[in-house]
Amino acid sequence: MKNKEINQNSTKVLLKRLVKKYVKKHYFKLFLALVCMVIVSASTAIHAWIMQPVLDEIFLEKNAQMLVILPIAILIISMSKGAASYFQSILMNFIGFRIVADVQSEMFRTIMKCDLSFFNETNSGTLISRFISDVGSLTRGVHNVLTNIVKDFLTIFFLISVMFYHDWKLALMAFVVFPISIFPIIRIGKRIRKISTQTQVGFGDLTSKLNQVFSAIKTIKSFNTQKYEEKNINFSIEKIFKLTYKSNKVSSVARPLMETLGGIAIASVIWIGGNQVITGETTPGTFFSFMTALIMAYQPVKSIASLNATLQTAMASAQRIFSIIDMCPEITDEKIIPNKNILNEKKKSIIFKNVSFRYKNSKNKILNNCSFIIPHGKKIALVGHSGAGKTTLLNLIPRFYQPQKGNIFLNDVDIKNIKISSLRNLISLVSQDIILFDGSIKYNIVYGTQSVSENKLKEICKNSGCEEFIRKFPNGINTEIGENGVKLSGGQRQRIAIARAFLKNSPFLLLDEATSALDSVSEEKIQKALKKLLVGKTSLVIAHRLSTINDADEIVVLEKGKILDRGSHEKLISRSGIYKNLYEIQFKVESDDKKVR
């Protein structure tokens, strides 16, 4: 992978990128939220300011008319502050959770474009952590900074110098109203708990789907279903977004409730305390001190000191997230040469010319200067000891990997000049690593296919050998098989993969140990089915049992990444020591198996 050059350690650059790409587009909601913040801060300041007329008009001038006007004014201000706080909260939470959904969608879209080597080098748990933990941390940090920095500075500016002692008797009287809030808060808490449970289920579902997608990336890329998986994942992301937004919307109801009750408490204290001042039961100074302290009790928690730490935590998450988003695949469609004829030609051959390849973390070449041809309609078999490079060579054809040297041609066109999706549509792959999804047997067989008739599906199940075990399940082809097909045997899973190849019916067939998990009886059935499938197709076969490739048009012997020999079974037995050794070992194993049975 190639990382786009960006100063990931610069808070300024990261913040600018976040605001420009994810925050700026919500400018109207941000403007409304800012207006609400101003109202909240102004209301707090007005509460402090209004003590002046309270002291002058009520305590000193004994103005009974103001004793009615001022409590009403404070109650209106408090209700306005509560409403502004509520709308500010839901607006900022909408933006925050929208950012989560947008970042996750972009991350997934980028990951679907990554080369297969990226998934070999990156732990799936790390990727899931980026989706859940880092995105959440990033959003919380940005949300807190955007919400608190303006409001807290304004509030602290007006109230920081107000430090007075309270009258404990008046305080007890003021807080009598707060037990009333317990009941609605408990009810709100129950609703939030219910929604949170659904949210956690949603996160679990998303994590499971992501884990399946990352584990099955080869299958997804082979069937060109990246767009389908994006849609499937985005469905779960949108579900979580709606639940989290709903949860915060419900929890935000507590804020106007508390503000209103606080307004009632302040208005009550003014009424009762003011009467005490008028009647001489308390001094104006004591009442003024209490009122100021009481108003301070409802100010926002001073969080300016912790904003930087919160911001830096968010930026650390942003750096890790952008390291994923900025990944660019090496295998791309950038050098496409328009050539529709090669896709429409009936006769297609694959040509390897001086191909060499090694993995990034490997010092030695896996393939070294390999050249051979897979002629149209022919069955070419690859044999060799474990680690010879057979599977690697096969994986170069659909461009899962890119050779460092040499070229692979489809007729006379380099496969690098063919659109990747078009190339993979020409190929059916049955790997030794069978990946199945958590769904029904039918879902797994028709995966990557838009539509298929019931008659066609039955024919495919019969030809692939799936019909035999499907009819044993009560729900038949609609039987749920669990994550990665845990409810099926190895042979059953293998036959489902072969059924996919039947359904895709591509002109090129790549078989990597396609019958390795089958017993002799099942393998014999599959081999008959594969013979039907191979008719008129160009195929490359890696065989676990050499007895299954006796009828190959040509057998290529691969050893330590080099092609040592090629020819028919009979010719190789007579002249290739490696092939003869492999055959004798295989023959001995099969003989021993027969003796055991």
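Structural remarks
- Single match in Gly82, Gly96 (criterion: under 25 Å from Glu229 (Cα atoms) and in contact with a Ser or Thr (Cβ under 8 Å, 6 or more places away or on another chain)): Gly96
- Residue count for the stretch 11-27, restricted to those that are modelled with pLDDT under 80 and open to solvent by 100 Å² or more (accessible area, probe 1.4 Å): 1
- Considering the stretch 561-595, and only residues there that are farther than 21 Å from Ser539 by Cα, open to solvent by less than 40 Å² (accessible area, probe 1.4 Å) and part of a helix (DSSP H, G or I), the residue that is modelled with the highest pLDDT turns out to be Leu582.
- Exactly one residue among Glu467, Glu454 is without any contact (Cβ under 8 Å) to a residue 12 or more places away in the chain, over 22 Å from Glu229 (Cα atoms) and either in contact with a Gly (Cβ under 7 Å, 6 or more places away or on another chain) or surrounded by 15 or more Cβ atoms within 10 Å (Cβ to Cβ) (or both), and that residue is Glu467.
- The stretch 363-386: number of residues that are in contact (Cβ under 8 Å) with a residue 24 or more places away in the chain and within 14 Å of Ala543 (Cα to Cα): 7
- Contacts under 8 angstrom Cβ, first residue in the stretch 546-560 being open to solvent by less than 10 Å² (accessible area, probe 1.4 Å), partner among the aromatic types (Phe, Trp, Tyr) and part of a strand (DSSP E or B), 6 or more apart: Val556/Phe372
- Among the candidates Phe87, Phe157, the residue that is modelled with pLDDT of 75 or more, of a type outside the set (Ser, Thr, Tyr) and more than 27 Å from the chain's Cα centre (by Cα) is uniquely Phe87.
- The condition (being crowded, with 16+ Cβ neighbours inside 10 Å, modelled with pLDDT of 85 or more and closer than 28 Å to Gly273 by Cα) is satisfied by just one residue among Leu55, Leu30, Leu75: Leu75.
- Of the helices (runs of 4 or more DSSP H) lying entirely inside the stretch 194-287, those containing at least 1 residues that are modelled with pLDDT under 70 and either among the hydrophobic types (A, V, I, L, M, F, W, C) or under 30 Å from Met79 (Cα atoms) (or both) span 226-251, 254-279.
- Residues in the stretch 209-256 that are open to solvent by less than 40 Å² (accessible area, probe 1.4 Å), over 19 Å from Asp115 (Cα atoms) and polar (S, T, N, Q): 4 in all.
- With respect to being modelled with pLDDT under 75, over 30 Å from Met327 (Cα atoms) and in contact with a Leu (Cβ under 8 Å, 6 or more places away or on another chain), Val38 falls outside the description.
- As for the stretch 363-386, it holds no residue that is hydroxyl-bearing (Ser, Thr, Tyr), at pLDDT below 90 and under 30 Å from Ile132 (Cβ atoms).
The values are calculated or read from the model by the stated rules, or taken from the named source; none is laboratory data. Everything quoted here is computed from the prediction, not taken from an experiment. When we count neighbours, we look across all protein chains shown, and the Cβ atoms used for this are built from the backbone with ideal geometry, even at glycine. Accessible surface is based on the protein model in full, side chains and every heavy atom, while ligands, DNA and RNA are left aside. Shrake-Rupley method; radii C 1.70, N 1.55, O 1.52, S 1.80 Å.
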